[in-house]
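The values are calculated or read from the model by the stated rules, or taken from the named source; none is laboratory data. Being a predicted model, the structure only gives us computed values, none of them experimental. Positions of Cβ are generated from backbone atoms using ideal geometry, with glycine treated the same way; all protein chains shown enter the neighbour counts.
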Amino acid sequence: MAELVTFGEAMVRLSPPDFMRLEQTYSLDMKIGGGEYNTAVGAARLGVASAFISRLPKNPLGRMIANKAREHGVDVSQIVWTDGDRAGLYFVEFGAKPRASSVLYDRKDSAISRIAPGMVNWDAVFAGAKLYHVSGITPALSAGAAAATRESLQKAKEHQVTVSVDLNYRSKLWSEAEAQKCMTDLMQYTDILITTEEDTQRVFKIEGSNYEEVAYKLRDRFGFKAVTITLRENPRVLLNNWSAMALYEGKIYTAPNYEVEIVDRVGGGVPRRLADRQRGIRRPAGRGVFRSQTFRAGRPELVHESGSGSPHERRRKFTDC
C-alpha cells in the first residue's frame with residue numbers, strides 16, 4: 001500500500017556519452033526519466049512506499065519504463081496499459097561551459113497524452129495513501145490528460161489525501177494563457193505548491209519584490225497550506241547554487257545555500273522534500289534553516305524557524321497539512 005502516489009509521463013531518455021552532440025555520437029545511453037516518475041523513484045529509495053501512475057504501451061519500451069520503477073521499489077500495479085500508442089522519447093545533450101545542456105523531445109501522441117477520465121481506478125490508487133504529487137507537465141500533455149489530472153485531484157480530496165503540485169511550466173507544451181486557465185482551476189484542490197519565481201510570473205502573473213512576497217501572494221490568492229519556492233543559480237553548467245524557502249502558517253523558512261556539482265541535473269529536488277514530509281525526518285540544521293514539514297501518523301513535527309532567538313524559542317510545532 002503506497003503512502004505517496006505520483007501521476008504523469010515517463011519517457012525513455014537518450015543521451016550521447018562524453019558531452020558529445022547528437023550529430024557527433026555513434027551511441028546513445030538509455031535511461032528513464034519524467035518528473036513524477038523521478039519523484040516516486042527517489043522517494044522509494046529514501047524509504048517511502050510509493051506508487052507511480054501512468055499510461056504505457058504494451059511493448060518493450062513501456063515494459064522497460066515500468067520495470068525500472070519496479071527495480072527501485074515503486075508500485076506500478078495501477079499503470080494503464082495500451083496495445084497501441086507509443087512511449088515518449090527525449091534526447092539530452094549534456095553541456096559544458098560555455099555550451100548549455102539541451103533537450104530535444106519526441107513525445108507527440110505518447111500513450112499518456114491519450115489518457116482520459118475513467119481509465120484509472122483512483123479509488124484503488126488512493127486507498128491508504130497520504131500524499132499525492134503531480135506537476136503542471138501532466139495536464140499540459142493534452143486535453144484528456146488535463147481532464148484526467150483534474151479527476152485525480154478530485155478523487156484525492158475525496159480520500160482526504162494531501163495534494164502536492166509542482167507548477168513546472170513548460171513553454172514547449174503549452175502557452176502561458178493555456179497554463180494559466182488550467183492550473184488556476186486545479187489550484188482549488190492543491191494543499192502544497194512547489195514553484196519558482198519565474199513560473200509563478202508566467203502562469204499566475206504574480207510578481208513581488210522578493211521571494212517571500214511572491215509566496216504570500218500565492219497563499220492569499222489560492223489558500224495553500226504551504227508554498228515552497230526553489231532558488232537556483234547556475235554560474236556554470238555543472239556547478240549550481242541551490243536553496244529553497246517555504247511559507248507555512250504565516251512563517252517563512254529558508255534553507256542554506258548549497259554549491260552543487262551536477263552529476264545528473266534531472267529530478268534533483270522534489271523527492272527529498274516529499275520523502276522527508278512523509279517519513280517525519282528532521283535533518284540537521286542550524287539557525288534559519290528550512291526543513292520540509294512532515295507527516296508521521298498525524299503527529300506534529302518540530303522544525304527550526306528562521307529568525308532570532310534561541311533554538312528553543314525558534315522551535316515550533318506543525319500540525320498535519
- Does Thr6 satisfy the condition of being assigned to a strand (DSSP E or B) and either in contact with a strand residue (DSSP E or B) (Cβ under 6 Å, 6 or more places away or on another chain) or under 14 Å from Ile112 (Cβ atoms) (or both)? yes
- Complete set of residues in the stretch 216-258 that are closer than 22 Å to Lys205 by Cβ and basic (Lys, Arg): Lys217, Arg219, Arg221, Arg232
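Residue-wise test of (1) surrounded by 20 or more Cβ atoms within 10 Å (Cβ to Cβ); (2) modelled with pLDDT under 95; (3) out of contact with any Phe, Trp or Tyr (no Cβ under 9 Å at 6 or more places or on another chain); (4) on the phi < 0 side of the Ramachandran plot.
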residue: Glu36; (1), (2), (3), (4): yes, no, no, yes
residue: Ala49; (1), (2), (3), (4): no, no, yes, yes
residue: Leu56; (1), (2), (3), (4): yes, no, no, yes
residue: Phe91; (1), (2), (3), (4): no, no, no, yes
residue: Ala96; (1), (2), (3), (4): no, yes, no, yes
residue: Ser102; (1), (2), (3), (4): no, yes, no, yes
residue: Leu131; (1), (2), (3), (4): yes, no, no, yes
- Task: Search the stretch 248-265 for residues being of a type in the set (A, V, I, L, M, F, W, C) and part of a strand (DSSP E or B), and hand back the single one that is surrounded by the most Cβ atoms within 10 Å (Cβ to Cβ).
- Result: Ile252
- Message: Here is a check on your reading of the model: is Ser175 in contact with a Lys or Arg (Cβ under 7 Å, 6 or more places away or on another chain) and surrounded by fewer than 18 Cβ atoms within 10 Å (Cβ to Cβ)?
- Response: no
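Sort out which residues of the stretch 59-73 are within 16 Å of Asp109 (Cβ to Cβ) and part of a loop (DSSP other than H, G, I, E, B), and write them in order of number. Explain how you work it out, then say what you get.
Of the stretch 59-73, the ones within 16 Å of Asp109 (Cβ to Cβ) are 59, 61-62.
Once the filter is applied, which keeps residues that are within 16 Å of Asp109 (Cβ to Cβ) and part of a loop (DSSP other than H, G, I, E, B), the stretch 59-73 yields only Asn59.
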- Message: One residue is enough: does the stretch 224-247 have a residue meeting the conditions outside any strand (DSSP E or B) and at pLDDT 95 or above?
- Response: yes
- Matching residues in the stretch 20-58 - criterion: being assigned to a loop (DSSP other than H, G, I, E, B) and either more than 21 Å from Gly88 (Cα to Cα) or free of Cβ contacts under 8 Å to residues at least 24 places away in the same chain (or both): Met20, Glu23, Gln24, Thr25, Tyr26, Ser27, Leu46, Gly47, Val48, Ala49
